[in-house]
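Since the structure comes first, as C-alpha cells, the remarks are kept for the end.
The values are calculated or read from the model by the stated rules, or taken from the named source; none is laboratory data. Treat the numbers as computed from the prediction; the structure is a model and nothing was measured. When we count neighbours, we look across all protein chains shown, and the Cβ atoms used for this are built from the backbone with ideal geometry, even at glycine.
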Amino acid sequence: MGTVSNLTSLGPPIAAADRDGDRDGDLDRAVQAADAAAQGARVAVRELTELADLERVVALYARIWGRDANPPMTLELLRAFTKAGNYVGGAFDGPALVGACVGFFHAPAEDALHSHIAGVAPETAGRSVGFALKLHQRAWALLRGISEIAWTFDPLVSRNAYFNLAKLAAEPVEYLPNFYGAMADSINGLDDSDRLLVRWRLRDPAVVAACAGAAVPVVAAAEIRAGAAVALEMSEDGTPVPGRLDARTSLVAVPRDIAALRVRDPGLAQRWRTAVREALTALVGDGARVTGFDREGWYVVRRDS
C-alpha cells in the first residue's frame, strides 16, 4: 500500500515568506520521513475532514476503548475541530480505517499543537501504524509553521513509554496525577488517570534522527554499569520495591503489561500506580529529568548536577 502523506494530503501550505524559514529543508525531510513510515507500515495516511471519515474515526475509537455508548471523541467535536483548522489524521489499509490521531492548537503564543488522542486497531499491532500517524502529524504541523507537539500518556504503559520517549524522542516535562479523573473503559479500568506530559520539539536533532529511524536507545544495564541506582524495581513476585532516590542517574521500573495486570490483580496495579507516581514525582521535584525509557521497562531519570 503506497502512502498519500505528501504535501497535497497535508493540507494548504504556509505562506511563502514563512516557508523561507525552512532553509535546511526541514519540511521536505519531514514529508519524506512520513512517506517512508507510511510505506513501512503498509498504510496510506491522510488528513480527514469529510463527515463520513470522521464517523469512522468515532467508531474506531469506540472499538479500541470499548466505549460504544460513550466514545472518547464525538462526531460533533471532530467536525468542529476540522472546521477550525485543527488536525485529524487517519491511516488506511485499503478502504479500512486502522488508525487515527486528533490534535488541537494551543494558545497562539505557544506555537504548539496538543495531540489529544491517537489509536490504532488491535489487528494492526506490530506494523508501526502509530509511528506513521505521528510522522504525518509532524509534517502537517511543520507545514503550518508549528515547531512543537505536546501530548500525554499513561506512564504505566510500557509500550507507549518506549514509543514516545525512545522511538519518537519526545521529552517528558511534567507528571500529572489523576489528570482526567475516572475513565471507566476497557483500557484504563478504574485506575487513576495519571499522565506524563511530553513535548515533541519537531526540529530538534534527536527528533529528526528518530523520525529517520535512527533513534539512540537507552539501555538500563549500561546505565547501572555507569553508576545508576535503582529507585523503583520489581520483586520476583511482581510487586514494586522502592530504592534510592539520591543518585545522579536513577532507574524507575514499570510493569511489563499494566493492562493485563489491571484485569488479573487490580490491587497490585494500583500499588504500581502509587509507587511509580511517588518515585517520579519525588525525583522530578528534586530537579531530575526523565530522559529516556529502556525497552525492558525502565525510566531513566537524570540530575544535571
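Find all pairs meeting these conditions: Cβ atoms under 7 angstrom apart; at least six residues apart or on different chains; first residue within region 58-85 and closer than 11 Å to I117 by Cβ and in contact (Cβ under 8 Å) with a residue 24 or more places away in the chain; second residue among the charged types (D, E, K, R) and outside any helix (DSSP H, G or I). As it stands, the answer is W65/D185, since those pairs meet every condition given. For A231, the stated conditions hold: it is assigned to a strand (DSSP E or B), surrounded by 19 or more Cβ atoms within 10 Å (Cβ to Cβ) and at pLDDT 95 or above.
Restricting attention to region 114-172, and to residues there that are polar (S, T, N, Q) and either part of a loop (DSSP other than H, G, I, E, B) or not assigned by TED's automatic domain parsing to the domain that holds L197 (or both), which single residue is farthest from F92 (Cα to Cα)? The extreme case among them is S147.
When region 172-186 is filtered for residues that are within 23 Å of V218 (Cα to Cα) and either surrounded by fewer than 19 Cβ atoms within 10 Å (Cβ to Cβ) or modelled with pLDDT under 95 (or both), the ones remaining, listed by number, are V173, E174. Of all residues in region 22-57, those that are in contact with a strand residue (DSSP E or B) (Cβ under 9 Å, 6 or more places away or on another chain) and in contact (Cβ under 8 Å) with a residue 40 or more places away in the chain total 14. Going through region 22-54 one residue at a time, which ones are loosely packed, with under 15 Cβ neighbours inside 10 Å and assigned to a helix (DSSP H, G or I)? Passing the criteria: D28, L51, A52.
Considering region 204-228, the residues that are touching a Ser or Thr at 6+ places or on another chain (Cβ under 9 Å), modelled with pLDDT of 95 or more and surrounded by 16 or more Cβ atoms within 10 Å (Cβ to Cβ) include one that is farthest from A170 (Cα to Cα), namely A228.
If you go through region 121-149 and keep only what is of a type in the set (G, A, S) and closer than 23 Å to D294 by Cβ, you end up with A125, G126, S128, G130. Residue count for region 98-113 satisfying the condition of being surrounded by fewer than 18 Cβ atoms within 10 Å (Cβ to Cβ) and assigned to a strand (DSSP E or B): 1. Here region 258-305 is the region considered, the condition is being over 21 Å from V198 (Cα atoms) and part of a loop (DSSP other than H, G, I, E, B), and the residue that is modelled with the lowest pLDDT is S305.
Listed conditions (1) modelled with pLDDT of 95 or more; (2) more than 25 Å from G145 (Cβ to Cβ) are all met by G2, apart from (1).
On the given criteria, is V254 surrounded by fewer than 15 Cβ atoms within 10 Å (Cβ to Cβ), within 21 Å of D191 (Cα to Cα) and in contact (Cβ under 8 Å) with a residue 60 or more places away in the chain? So V254 does not fit the description; no.
Scanning region 239-251 for residues that are under 26 Å from the mean Cα position of the chain (by Cα) and either outside any strand (DSSP E or B) or closer than 30 Å to G66 by Cα (or both) yields a count of 1.
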